[in-house]
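Visitor: One structure, as structure tokens, below. Some questions next.
The values are calculated or read from the model by the stated rules, or taken from the named source; none is laboratory data. Just so it is clear, the structure is predicted and the values come from calculations on it, not from any experiment. Cβ atoms come from the backbone with ideal geometry, glycine included; neighbour counts cover every protein chain shown.
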Amino acid sequence: MTEFAHDRVVPFKGSALNKKQQVAAMFNAIAFRYDFMNRFLSAGIDVSWRKKAIKQLIDLEPKNILDVATGTADMAIMASGILHPAKITGIDISDGMLAIGQKKLEKLGLQGAIQLLNGDSETISFNDNSFDAVTVAFGVRNFENLEKGLSEIKRVMKPGGRLVVLEFSQPKMAITRFFCNLYMKIVAPGLGKIISKNRSAYQYLDESIKKFPEGKIFTDILDKLGYRNTNSKPLSLGICSIYCGEK
């Protein structure tokens, strides 16, 4: 498996823990403010990004969906409302995030439609050809080994199944990129320290975005791993992108 620069980006430099363990610890620490920070830092645009990503699956009419790096289950809940599948399974390595997601499901009465499990994207505990579609919203940057995670996702998808990835990217326009970089490097970590008491999480966000293999590089990785009909769609001047690939 190829190692990419973002695979080596970790939240806590100098820690003896591996990336996976550090990411789990980081999300456990910020789970109580995660949803608020998402809405606040993106001015609510992240909601429309998720909707656009989920709508990439409408024509497929998937009945069984896996949401990888589900976090507090925002993507799974929205997919349930838009796509109405028989079942959605959300997996994440952070128990703190899953606990908040479970409370959301109970409040909405969605326990029968969505199941949340502690699970690792690189060793998914399901049989081959189990899911009609897989979604990953702002999670692939956190994979310890990107190719291994994407290969596992392909393994558990049925032939004809579709992967939809939503991930931050860097704007191509110089002026937009300048202000976006300024915001992510200075504003987001500062607000993260004030609101969630965790500056390092948002410094990690900035660094992992800059080193992530985005755009055509990412679709080339999907092609290399055997995905077909791969494509990418930049959103909001390239601040975020949707990637699709089929098995």
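Visitor: Does any residue in segment 1-25 that is surrounded by fewer than 13 Cβ atoms within 10 Å (Cβ to Cβ) come within less than 9 Å, Cβ to Cβ, of a residue that is of a type in the set (Gly, Ala, Ser) and modelled with pLDDT under 85 six or more places away or on a different chain, and which pairs are these?
Guide: Matching pairs, first to second residue: Lys13/Ser200.
Visitor: Right, next: Filter segment 120-143 down to the residues that are over 19 Å from Lys158 (Cα atoms) and either of a type in the set (Val, Ile, Thr) or touching a strand residue (DSSP E or B) at 6+ places or on another chain (Cβ under 7 Å) (or both) and list them by number.
Guide: Ala137, Phe138, Gly139, Val140, Arg141
Visitor: Say whether the condition of being surrounded by 14 or more Cβ atoms within 10 Å (Cβ to Cβ), touching a Gly at 6+ places or on another chain (Cβ under 8 Å), over 18 Å from Ile30 (Cα atoms) and among the β-branched types (Val, Ile, Thr) is met by at least one residue in segment 92-106.
Guide: Checked segment 92-106: no residue is surrounded by 14 or more Cβ atoms within 10 Å (Cβ to Cβ), touching a Gly at 6+ places or on another chain (Cβ under 8 Å), over 18 Å from Ile30 (Cα atoms) and among the β-branched types (Val, Ile, Thr).
Visitor: Further question: Among the residues of segment 84-101, is any farther than 14 Å from Phe138 by Cβ, out of contact with any Leu (no Cβ under 6 Å at 6 or more places or on another chain), without any contact (Cβ under 8 Å) to a residue 12 or more places away in the chain and not aliphatic (A, V, I, L, M)?
Guide: Yes.
Visitor: While we're on this one: Would you call Phe126 surrounded by fewer than 24 Cβ atoms within 10 Å (Cβ to Cβ), at pLDDT below 95 and farther than 17 Å from Tyr227 by Cβ? Step through it out loud before you land on a result.
Guide: Numbers: surrounded by fewer than 24 Cβ atoms within 10 Å (Cβ to Cβ): yes; at pLDDT below 95: no; farther than 17 Å from Tyr227 by Cβ: yes.
When the stated conditions are applied, Phe126 does not pass them.
Visitor: Determine whether segment 166-181 contains at least one residue that is aromatic (Phe, Trp, Tyr) and at pLDDT 95 or above. Spell out how you get there, then give the answer.
Guide: Of all residues in segment 166-181, those aromatic (Phe, Trp, Tyr) come to 168, 178-179.
Still in the running and at pLDDT 95 or above: none.
Looking for residues that are aromatic (Phe, Trp, Tyr) and at pLDDT 95 or above, one finds none in segment 166-181, hence no.
Visitor: Tell me, yes or no, whether segment 236-245 has at least one residue that is surrounded by fewer than 17 Cβ atoms within 10 Å (Cβ to Cβ), under 17 Å from the mean Cα position of the chain (by Cα) and not in a strand (DSSP E or B).
Guide: No, that holds for no residue.
Visitor: Is it fair to say Ile54 is surrounded by 21 or more Cβ atoms within 10 Å (Cβ to Cβ), more than 16 Å from Val164 (Cα to Cα), of a type outside the set (Asp, Glu) and modelled with pLDDT of 95 or more?
Guide: For Ile54, the condition - surrounded by 21 or more Cβ atoms within 10 Å (Cβ to Cβ), more than 16 Å from Val164 (Cα to Cα), of a type outside the set (Asp, Glu) and modelled with pLDDT of 95 or more - is not met.
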